[in-house]
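Engineer: Sharing a structure with you now.
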Amino acid sequence: MPIKIYTEKTADLFANNASLNPIINVLINEPTRLEHLKVGDARATQFTLCNSIAEADIYCLPMIWGHYLKNNLVHQASDAVHEATAHNKPVIIFSQGDAPARLPFSGTHVFENSTYKSNCNRDGNTHYGYPAIIRDYKKLYSIEELVFREKAARPSIGFCGQASDSIAEFLWHELLRRYKKFRFDSGLSAYEPPPFETVMYRSKVLNTLKRYSQVDTNFILRKQYRAGNKPEVKNPAHPVRREFVQNILDTDYTVCMRGGGNYSVRFYETLCLGRIPIFVNTDCLLPFEDEIKYQDYFVWVEESEINMIGEKVTQYHEQFSVSEFFDAQQKCRNLWVEYFSTHGYFNKLTQLIQRIIKG
């Protein structure tokens, strides 16, 4: 039986499609639902909207959390959550983007990109890691077959993205970060900034690897996010995007670390392309941590281990035979397909929500 969801069907649902949470976005109109049903999307096959909260299995806040913050509608969300709680219904909330969700109520289940594992449940809600959902780059870039890299004596490491060790840029970014922190701490802003300046932090990590003589690096550094984040750069065919993807494909390992939010889209892109991430853990909350032994799949580096990142990569690389190195890349691709592709993630999410309903 499909999981019955109750949510308010207001004009907002049709006027703000970009802000709909990922399940409601599929269910809100019949043509969209049927389109996803044809490809076996769990959102269409395993969920259905119902007409009253009394008959529902769960209540789902229809918009992502940022919509309520941006439009001063937190009171509206709070009223809906309190009503669902009064009916003893589990409440599901999605929060996307760089800012952690700081909620004015408790008892809900929050799926979010960016949070801090050590303190994410202090608000009385249960938080879960939510992946960056991307299209399959194998299909998007017309890659007929992913060719896994042969093991070389020296590991090759790639990175293509924003990073800088300019003192002037650091001072500007840090001043801006502190201003945002002051506004957040003073209650003038609902958006929590990073705990440190991230552009130079990335540069520090990359420079540590460049100085390490036993690895080969291929780093393409950008002064701005996505080389300026212009609309045309989001086009997969744009040269900036193609260079980014090719950098991942042309190296054994890709450095994956936070940017403005405490998560890495590049991490999921690397897995998707069958390459091995070097994951820099900045107190991240990854999806399905109770199921996935992440450190069995790729290089895991704690913040306190940055000075040893080169040694950790070479130690990891040296453990493999030629065939085992192929297998390690295939395992990364399989992990993405099973847990983080659109089809895989929402299948796993359905199982998790079923467990939430059972309590």
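Engineer: Using a 7 Å offset from the Cα along the Cα-to-Cβ direction at both Ile167 and Ile292, what is the distance between the two label points in nm, to one decimal?
Structural biologist: About 4.1 nm separates the two model spin labels.
Engineer: Work out how much length Ala153 to Gln214 would gain on full extension: take 0.36 nm times their residue separation and subtract the Cα-Cα distance, in nm to one decimal.
Structural biologist: Working: separation 61, 0.36 × 61 = 21.96 nm, distance 0.94 nm.
Taking 0.36 nm per residue and subtracting the Cα distance, the gain is 21.0 nm.
Engineer: GNM, the chain, Cα, under 10 Å: largest mean-square fluctuation among Val147, Val205, Val81?
Structural biologist: Maximum fluctuation in the GNM of the chain, among the listed residues, is at Val147.
Engineer: If R0 is 30 Å, what FRET efficiency do you get for Arg355 and Lys312 from their C-beta distance, rounded to 0.05?
Structural biologist: E(calc), rounded to 0.05, equals 0.30.
Engineer: Within the set Lys180/Lys204; Lys117/Lys210; Lys117/Lys312; Lys70/Lys204; Lys38/Lys70; Lys151/Lys210, which residue pairs have Cα atoms separated by over 25 Å?
Structural biologist: Where the Cα-Cα span goes over 25 Å, the pairs concerned are Lys117/Lys210; Lys70/Lys204; Lys38/Lys70.
Engineer: Can you give the FRET efficiency for Arg135 and Gln330, using 1/(1 + (r/R0)^6), R0 = 22 Å, r = Cβ-Cβ distance, to the nearest 0.05?
Structural biologist: Using R0 = 22 Å, I get an efficiency of 0.60.
Engineer: Moving to a separate point now. For region 45-96, what does the convex hull of the Cα positions come to per residue, in cubic angstrom?
Structural biologist: 84
Engineer: Normalised by the residues of region 53-113, what does the relative contact order come to in percent, with Cα pairs under 8 Å and at least six apart?
Structural biologist: Relative contact order here is 36 percent.
Engineer: Counting only the backbone N, which residues of region 16-51 are under 18 Å from the spot 7 Å out from the Cα of Asn71 toward its beta-carbon?
Structural biologist: Output list for this probe position: 16-29.
Engineer: Based on the inverse mean of 1/r over its pairs of different Cα atoms, what is the Kirkwood hydrodynamic radius of region 98-255, in Å?
Structural biologist: It works out to 18.7 Å.
Engineer: Translational diffusion coefficient, Stokes-Einstein: compute it for the chain using the Kirkwood radius over C-alpha pairs as Rh, at 10 °C and 1.306 mPa s, and state it as an integer in µm² s⁻¹.
Structural biologist: Rounded to a whole number, D works out at 73 µm²/s.
Engineer: In addition: Run the simple label-point estimate for Gln246 and Phe320 please: 7 Å along Cα→C-beta, distance reported in nm.
Structural biologist: In this crude spin-label approximation the distance works out to 2.3 nm.
Engineer: If you don't mind, another one. Considering the Cα positions of region 19-145, please state its Rg to one decimal place and its Dmax as a whole number of Å.
Structural biologist: When restricted to the Cα atoms of region 19-145, Rg and Dmax are 16.2, 52 Å.
Engineer: Quick check: the angle from helix 309-318's long axis to the longest principal axis of the chain, C-alpha only, nearest 10 degrees?
Structural biologist: Value to nearest ten degrees: 80.
Engineer: Please report Trp336, Trp300 as a ranked list, fewest other C-beta atoms within 10 angstrom at the top and most at the bottom.
Structural biologist: Lowest count first: Trp300, Trp336.
Engineer: So which residue, out of Ser164, Ser78, Ser189, gets the largest mean-square fluctuation from a GNM of the chain using Cα contacts under 10 Å as springs?
Structural biologist: In the Gaussian network model the winner is Ser189.
Engineer: Please sort 289-296, 59-66, 169-176 by packing, taking for each peptide the average over its residues of neighbouring beta carbons within 10 angstrom, highest first.
Structural biologist: Listed from highest to lowest mean packing, they are 59-66, 169-176, 289-296.
Engineer: Now for a different question. Could you pull out every residue, at least 5 positions away or on a different chain, whose amide H is within less than 5 Å of the one on Glu302? Hs are placed 1.01 Å off N in the peptide plane, and Pro or chain starts have none.
Structural biologist: Asn281
Engineer: Looking at the chain, what % of its DSSP beta bridges pair antiparallel, to the nearest 5?
Structural biologist: 5
Engineer: Provide the three semi-axes, in whole Å and in decreasing order, of the ellipsoid equivalent to region 230-356 as defined by the square roots of 5 times the Cα gyration tensor eigenvalues.
Structural biologist: For region 230-356, the ellipsoid semi-axes come out as 22, 21, 17 Å.
Taken together, the values in this text are just the output of simple stated rules run on the coordinates, not laboratory data. Just so we're clear, the structure is a prediction, and the values are computed from it rather than from any experiment. Positions of Cβ are generated from backbone atoms using ideal geometry, with glycine treated the same way; all protein chains shown enter the neighbour counts.
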